[in-house]
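Beneath this line is the structure, given in structure tokens, with notes to follow.
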Amino acid sequence: MTQIAQSVAGSSLFTVTAPSGAGKSSLLSELIRKDPTLRLSVSHTTRAPRPGEENGREYHFTTVDDFRRRLDAGEFLEYALVHGHYYGTSKLSVLGQLNAGNDTLLEIDWQGARQIRKLFPETVSVFILPPSISVLEERLNRRGQDSQEVIKQRIEAADEEISHASEFDYVIINHDFDLALAKLAAIVETARCRITLQAIKNRELFAQFGIRCCTGL
């Protein structure tokens with residue numbers, strides 16, 4: 001698979017992954033509220049909208065036929081079949097955000113994160129863990145969005161998903177929401193301080209100090 005070079009605008013790409021119910025959507029929503037310079041890529045999915053979800057906000061909801069047409073046309077950077085539904089990340093949208101200099105978040109499963117790392121070697125990957133499987137099940141029941149059968153399927157899938165946590169750069173245990181949010185924000189800020197990105201964003205200052213850095217430019 002061909003790698004895609006780091007954006008000349010000096011932007012960062014983040015993947016955030018977790019089993020369903022671990023709290024990644026809530027964490028990302030609050031992170032973006034506190035740091036509106038971040039952009040969240042809106043994925044395409046063939047699953048039906050949940051109560052309160054809007055097309056184009058949480059997801060671009062589409063049909064299986066339309067998804068497969070887009071897949072065949074090469075419109076997705078990554079895609080995966082999760083819990084019986086397709087999910088995919090728009091290539092045009094993500095590259096557009098990165099080239100505009102916007103740090104971009106991808107809320108995707110471990111399969112998609114693996115694909116993204118092959119395309120973007122400098123991607124910063126984060127895995128959100130629940131404190132325990134019992135807490136995960138409690139959260140899924142409390143949010144009241146799925147049937148008991150679906151919740152059982154999600155719990156069973158969680159073991160497989162969690163087994164891939166070692167593939168990620170960072171792991172955050174979401175036991176305390178505010179603490180998990182602070183850790184996620186710290187990872188974002190740390191990534192922004194990488195010398196390759198600082199060299200792109202501060203060319204004149206680096207030249208003034210005689211700092212040389214390989215940025216690919």
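The values are calculated or read from the model by the stated rules, or taken from the named source; none is laboratory data. The structure presented is a predicted model; accordingly, all values stated were derived computationally and were not measured. Cβ atoms come from the backbone with ideal geometry, glycine included; neighbour counts cover every protein chain shown. Surface areas here come from the heavy atoms of the whole protein model, side chains and all, with no ligands, DNA or RNA. Shrake-Rupley method; radii C 1.70, N 1.55, O 1.52, S 1.80 Å.
Things worth noting here:
- Considering residues of the stretch 171-185 that are in contact (Cβ under 8 Å) with a residue 24 or more places away in the chain and open to solvent by 90 Å² or more (accessible area, probe 1.4 Å) only, the residue nearest to the chain's Cα centre (by Cα): I173
- Taking the criterion of being in contact with an Asp or Glu (Cβ under 7 Å, 6 or more places away or on another chain), buried (at least 16 other Cβ atoms within 10 Å of the Cβ), of a type outside the set (A, V, I, L, M, F, W, C) and part of a loop (DSSP other than H, G, I, E, B), the residues of the stretch 12-42 that qualify are S12, P19.
- Some residue of the stretch 144-155 being assigned to a helix (DSSP H, G or I) and touching a strand residue (DSSP E or B) at 6+ places or on another chain (Cβ under 6 Å): no
- Qualifying residue in the stretch 90-100 (condition: hydroxyl-bearing (S, T, Y) and either more than 21 Å from R114 (Cα to Cα) or in contact with a Leu (Cβ under 6 Å, 6 or more places away or on another chain) (or both)): no
- Some residue of the stretch 96-115 being aliphatic (A, V, I, L, M), open to solvent by less than 50 Å² (accessible area, probe 1.4 Å), under 24 Å from I151 (Cβ atoms) and without any contact (Cβ under 8 Å) to a residue 40 or more places away in the chain: no
- Counting only residues that are within 10 Å of the chain's Cα centre (by Cα) and of a type in the set (S, T, N, Q), the stretch 96-122 holds 1 of them.
- Residues of the stretch 71-90 satisfying the condition of being closer than 26 Å to P19 by Cβ and either of a type in the set (G, A, S) or part of a helix (DSSP H, G or I) (or both): L71, A80, G84, G88, S90
- Complete set of residues in the stretch 43-66 that are open to solvent by 60 Å² or more (accessible area, probe 1.4 Å) and assigned to a strand (DSSP E or B): N55, H60
- Total residues in the stretch 31-65, condition among the aliphatic types (A, V, I, L, M), within 17 Å of Y86 (Cα to Cα) and touching a helix residue (DSSP H, G or I) at 6+ places or on another chain (Cβ under 9 Å): 1
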